[in-house]
Each structure stands twice: as structure tokens, then as C-alpha cells.
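Notes follow once the structure below has been shown.
The values are calculated or read from the model by the stated rules, or taken from the named source; none is laboratory data. All figures in this text were calculated on a predicted structure; none of them were measured in a lab. Cβ coordinates were reconstructed from backbone atoms using ideal geometry, including for glycine residues, and neighbour counts include every protein chain displayed. Accessible surface areas use protein heavy atoms only, side chains included; no ligands, DNA or RNA. Shrake-Rupley method; radii C 1.70, N 1.55, O 1.52, S 1.80 Å.
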Amino acid sequence: MADARTHPARTDWQRAADFSARAHAAQRRKDGQTPYAAHPFRVAMTVRHRFGCDDDAALTAALLHDVIEDTPADYDEVHAAFGSHVADIVAALTKNMILPEPQREADYDRRLAAADWRARLIKLADVLDNMADLEDRPDVADPAEALARHEAKCHRALDLAQPDAAHPAMARAIQLVRAAIE
């Protein structure tokens with residue numbers, strides 16, 4: 001039997017990487033080729049390496065940020081596996097697809113504004129990653145129009161993040177997203 005000192009227990013973010021990869025296994029990004037799981041992995045790496053946040057809950061939620069919205073996984077499943085704190089962050093990053101779009105976006109912004117700061121940090125990593133993806137999208141008929149729509153999403157995420165600007169990781173995130181849209 002292996003000694004716990006030589007085989008430490010996996011962290012939440014390690015388990016979240018597995019959970020996310022399994023949940024998104026059959027999905028592809030809008031380019032039709034990239035496995036969808038690459039997106040939450042890139043978002044988590046952005047949170048860690050570009051924004052400088054090594055908070056376990058932030059990394060775990062970053063890896064899971066799309067599982068409730070885009071897969072059969074639900075809040076209860078995320079809660080059972082990762083606890084209420086992570087599940088609440090992931091839920092804040094999940095749009096209510098039952099609502100009509102204008103109401104959906106307003107509801108999403110309200111919930112994101114009221115959520116833990118980590119949700120807003122992850123949102124900034126998400127919009128940054130989605131912006132980078134625009135270059136590789138063969139389905140985009142009008143790249144300038146797509147970029148303008150995405151920049152509006154970036155501005156919304158920046159507005160929501162502004163109250164947290166004193167946090168060092170958030171300050172770096174805000175600076176990087178602003179630089180990307182300038």
C-alpha cells in the first residue's frame with residue numbers, strides 16, 4: 001500500500017480538471033476542431049499565470065466555470081464534489097438560459113456583481129480567452145462586428161470587476177483585459 005507522503009491526495013483543482021474534461025468530452029469549440037475542455041483549462045491558466053492568483057477555489061471554479069451552463073452537470077453535482085463555495089462561484093458564472101436574452105444578461109450581471117470576487121476574476125479570464133479565440137474562428141463572417149460584440153462583453157466584465165480593483169490579481173486582470181481591447 002502506498003504511503004500518503006509519497007502519494008498525496010489530489011487537490012480540488014486537480015479533481016476539477018478531471019471533472020471538467022469529462023463533462024466537456026464530446027464538445028468542440030466554435031472552430032469545430034479544438035476540444036472544448038481546452039477553454040476552461042486556458043481560463044484557469046490565465047487566472048494562475050497571467051493574473052497571478054493561486055487561490056485553490058479560484059482555480060477550481062475556473063476549471064468548472066462552464067460545466068453547469070454547457071453540460072448535463074448541475075449545481076448539486078458540483079456542490080457534492082467541490083462544496084458550496086466553489087459551486088456558488090460556478091453558479092454565478094452560469095447564465096439562466098430559460099430567460100429571454102435581455103433579461104438573461106441583466107440577471108447574469110446582477111448575480112456576478114453579488115458573487116465572490118473570484119467569479120469576476122474568472123469572468124475576466126473567460127472574456128480574455130474568448131477574445132483570443134476570435135482569430136481562429138472560421139464561422140465568423142464579419143470579424144470586425146464579432147470583435148465589437150466581444151469588446152462590449154469585455155467592458156461589462158471590467159465594469160463588474162472595478163470594485164475589486166484593489167486586489168492584486170484583479171488589478172492585473174483589469175489591466176490585461178483593458179490592454180487587449182485598446
Based on Cβ point charges of +1 for Lys and Arg and -1 for Asp and Glu, what charge dipole magnitude is obtained for the chain about its Cα centre, in debye rounded to the nearest 20? 320
Residues of the stretch 114-182: accessible area per residue with a 1.4 Å probe, Å²: 51
Relative contact order for the chain: what percent, with Cα pairs under 8 Å and sequence separation of 6 or more? 20
Can you send over the carbon and sulfur percentage of the accessible area for the chain, probe radius 1.4 Å, protein chains only? 54
Cβ-derived FRET efficiency at R0 25 Å, residue 152 paired with residue 99, nearest 0.05: 0.85
Relative contact order (%) - criterion: Cα under 8 Å, at least six apart; region: the stretch 1-95: 27
Stretched out fully, how many nm does the piece from residue 76 to residue 15 gain, at 0.36 nm a residue minus the Cα gap? 20.3 nm
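May I ask you to compute the full-extension gain from residue 181 to residue 134, defined as 0.36 nm times their residue separation minus their alpha-carbon distance, rounded to one decimal in nm? Could you put the intermediate results ahead of the total?
Working: separation 47, 0.36 × 47 = 16.92 nm, distance 1.28 nm.
Stretched fully, the residue 181-residue 134 segment lengthens by 15.6 nm.
Give me the number: length gained by fully extending residue 142 to residue 171, i.e. 0.36 nm times residue separation minus the C-alpha to C-alpha distance, one decimal in nm.
Values: separation 29, 0.36 × 29 = 10.44 nm, distance 3.20 nm.
Answer, rounded to one decimal: 7.2 nm.
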